[in-house]
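Participant: After the structure tokens below, expect a handful of questions from me.
The values are calculated or read from the model by the stated rules, or taken from the named source; none is laboratory data. If you're wondering where the values come from, they're calculated on a predicted model, not measured in any experiment. When we count neighbours, we look across all protein chains shown, and the Cβ atoms used for this are built from the backbone with ideal geometry, even at glycine. The area values use the complete protein model at the heavy-atom level, side chains included, leaving out ligands, DNA and RNA. Shrake-Rupley method; radii C 1.70, N 1.55, O 1.52, S 1.80 Å.
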Amino acid sequence: MATGTTVENPESSERKKFWNNDMEAIIGIMFVLIILGTINVFSSSFILAEAEFDTPYFFLKRHVINVVIGLIVFVICFRVDYHVWRRFMPYILGFTLLALILVLLIGPQVNGAKRWLPLGVTQFQPAEFCKLVSIMMTAAYLSLQIRKERAIKIFTPQMAIVAVMFALTELEPDMGTASIIAGIPIIMLIVAGLHWKKVLYMLGGVLVLAAGLIWYQPYRLKRLLVTFDPWSDAQNYGYQTVQSLSAIGSGELTGMGLGVGVSKYDYLPEAHTDFAFAIFCQENGFLGAIFVFMLFAAFAVYAARIARIARDEYGQILAMGIMILIVGQAIGNLFMVSGMFPVVGIPLPFISYGGTSMIVTMAAIGILVNIGRLGKKS
């Protein structure tokens with residue numbers, strides 16, 4: 001006697017996921033961070049905007065414009081084969097170096113630094129663009145060395161150009177961004193298999209250079225020393241850190257609520273830029289902070305998986321560099337805001353207000369997704 005059997009649909013037996021592949025996961029995380037960042041930019045900036053520009057929406061409008069531009073750039077980078085950018089690298093480098101020189105010559109001085117070129121409704125910060133350019137250039141060099149089974153060297157034309165970009169950015173001055181421009185290529189060299197003796201020589205040189213730059217600008221040493229005890233100079237060099245920790249602590253578990261945080265009322269400097277996460281914690285609490293941590297941790301996992309499935313060495317190394325860029329900046333900003341790292345001006349991707357940073361980050365993610373898309377088809 002035949003017994004009735006139910007044939008299980010293979011598709012229904014699979015565990016349901018929020019996304020079908022790693023690329024969709026990356027895009028989903030990006031959009032969640034954009035939404036959180038847009039809300040936080042408005043909440044952390046409307047007091048300052050009203051006081052200085054007579055409208056609470058000044059920074060929000062500019063942020064939305066930058067998001068739209070960033071989405072356009074993301075779509076372009078998502079659809080264009082990532083190898084194309086490698087062929088145009090000489091022109092990209094020329095534009096980047098020219099922009100870095102122009103910002104020193106004609107850029108407006110703000111708070112003692114020249115970092116932006118005005119472009120009508122927005123501003124362009126060439127040093128932010130250098131972060132991605134240095135990664136792409138280093139990935140091109142490393143992939144060639146690995147494919148031809150040649151030793152990885154430190155002193156190369158590519159690293160010389162990175163050093164020039166570092167120097168021009170440091171002259172603005174912007175040591176935080178300059179450190180990222182040079183630091184990520186150094187990490188990429190190490191991860192790609194630089195000989196351990198060369199690693200030691202390079203790290204020794206980095207320490208000597210860092211000590212020299214700190215000595216050249218004495219305020220940097222004071223910022224470094226005050227990191228260990230910001231309350232020892234709470235009204236001067238430790239002021240931002242003390243106010244940031246106060247904002248984070250006052251958020252407690254669930255936060256004060258959106259728009260309710262009080263630290264943006266002229267207590268915490270750079271409340272909508274470098275220290276935007278402190279306001280986020282004050283208004284969303286420990287649970288909100290953990291959610292952001294989890295988003296960046298998930299981003300790192302999915303980006304690493306995309307690097308693994310890339311169809312060639314260039315894609316693998318480039319994806320790794322982009323992951324280090326975005327997650328590394330997140331870690332650096334979180335350490336800075338929580339008082340575990342000196343105040344060096346590292347933005348939190350998507351959460352901090354910053355036009356060029358936003359656009360460059362979305363361009364990088366577009367390239368990352370393109371690497372995954374092409375790798376999956378191969």
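Participant: Show that you can apply the helix-only estimate: for the chain, add -39,500 (n - 2.57) for every DSSP H stretch of four or more residues, divide by all residues, and state [θ] at 222 nm to the nearest 500.
Facilitator: Taken over the chain, the calculation gives -23500 deg cm²/dmol.
Participant: Still on this model: Over region 247-334, what percent of the accessible surface lies on carbon and sulfur atoms, probe 1.4 Å?
Facilitator: Using a 1.4 Å probe with all protein chains present, region 247-334 comes out at 66 percent carbon and sulfur.
Participant: Could you tally up the Lys pairs in region 103-208 with alpha carbons closer than 20 Å? Skip any pair fewer than 8 positions apart unless they're on separate chains.
Facilitator: Number of lysine pairs found: 4.
Participant: Determine the shape class of region 181-317: with a ≥ b ≥ c the square roots of the Cα gyration tensor eigenvalues, call it rounded for a/c under 1.5, and otherwise prolate if a/b is greater than b/c, oblate otherwise.
Facilitator: oblate
Participant: May I ask you to give the solvent-accessible area per residue for the chain, in square angstrom, as obtained with a 1.4 angstrom probe?
Facilitator: 50 Å²
Participant: Measure off, as a whole percent, the carbon and sulfur share of the 1.4 Å-probe accessible area of region 64-103, all protein chains present.
Facilitator: The value for region 64-103 is 82 percent carbon and sulfur by accessible area.
Participant: Also, quick follow-up: Quote the accessible area belonging to THR96 in square angstrom, nearest 10, computed with a 1.4 Å probe and with ligands, DNA and RNA left uncounted.
Facilitator: 0 Å²
Participant: Also, quick follow-up: Thinking of region 118-164 as a set of Cα atoms, what percent of all their pairs are more than 15 Å apart?
Facilitator: 53 percent
Participant: Moving on. Lys and Arg at +1, Asp and Glu at -1: add these up for the other residues within a Cβ distance under 11 Å of PRO126 and post the number.
Facilitator: Taking every Cβ under 11 Å from that of PRO126, the sum is 0.
Participant: Taking K and R as +1 and D and E as -1, what net charge do the other residues with C-beta under 15 Å from the C-beta of LEU213 add up to?
Facilitator: 0
Participant: With a ≥ b ≥ c the root eigenvalues of the C-alpha gyration tensor of region 66-114, is it rounded (a/c under 1.5), prolate (a/b larger than b/c) or oblate?
Facilitator: It is oblate, given that a/c is not under 1.5 and a/b is not larger than b/c.
Participant: Further, regarding this structure: 7 Å from Cα along Cα→Cβ at both ARG87 and LEU258: what's the point-to-point distance in nm?
Facilitator: About 4.6 nm, to one decimal.
Participant: Go ahead and run the numbers for FRET between VAL199 and ALA298, Cβ-Cβ distance against an R0 of 30 Å, rounding to 0.05.
Facilitator: After rounding to 0.05, the efficiency reads 0.50.
Participant: Moving to a separate point now. So which helices of the chain fit the span-like rule, where a helix is a whole DSSP H run, its Cα atoms reach 24 Å or more along the axis, and its mean Kyte-Doolittle is at least -0.5?
Facilitator: Correct list, ordered by number: 22-53, 58-79, 89-106, 126-147, 196-216, 276-309, 313-337, 355-377.
Participant: In what order, largest first, do HIS83, HIS63, HIS195 sit by accessible area if the probe radius is 1.4 Å?
Facilitator: Result of the area sort, largest leading: HIS195, HIS83, HIS63.
Participant: Rounded to a whole number of µm²/s, how large is the Stokes-Einstein D of region 94-151 at 10 °C and 1.306 mPa s, given Rh as the Kirkwood radius over C-alpha pairs?
Facilitator: 120 µm²/s
Participant: Same structure again: Find how many whole Å separate the alpha carbon centroid of region 348-375 from the alpha carbon centroid of region 200-237.
Facilitator: Region 200-237 and region 348-375 have Cα centres spaced 30 Å from each other.
Participant: Shifting gears a bit: Tell me, how many Å apart are the Cα centres for region 93-121 and for region 266-338?
Facilitator: First find each Cα centre; the distance between them is then 26 Å.
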